[in-house]
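Remarks on the structure that follows.
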Ligand SMILES: [Zn+2]
């Protein structure tokens, strides 16, 4: 089984808080940074991701973030 080395957040609220903090801190920077959160299939907790969600999911994230 693959071991997940990403930072773990127990719920989506905590993940979104962390995402907001990182985004405001890195607002002046360009380059790779987390843009969304996702529920991990390996560890069943939330992670930040730099992959942009698409479609319906993207609209939900925009509403949250
Ligand atoms: Zn994981």
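Nothing in this text is a laboratory measurement; each read-out follows from the coordinates by a stated rule. Being a predicted model, the structure only gives us computed values, none of them experimental. Virtual Cβ from ideal backbone geometry, glycine too; neighbours counted across all protein chains shown.
Summary table below
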item: Hits in region 17-65 (condition: away from the ligand (no atom under 16 Å from the Cβ), touching a helix residue (DSSP H, G or I) at 6+ places or on another chain (Cβ under 9 Å) and not in a helix (DSSP H, G or I)); result: 33, 35, 52, 53, 65
item: Output for region 1-16, where each listed residue is in contact with a strand residue (DSSP E or B) (Cβ under 8 Å, 6 or more places away or on another chain) and within 16 Å of the ligand (Cβ to nearest atom); result: 4, 6, 7, 8, 9, 10, 11, 12, 14, 15
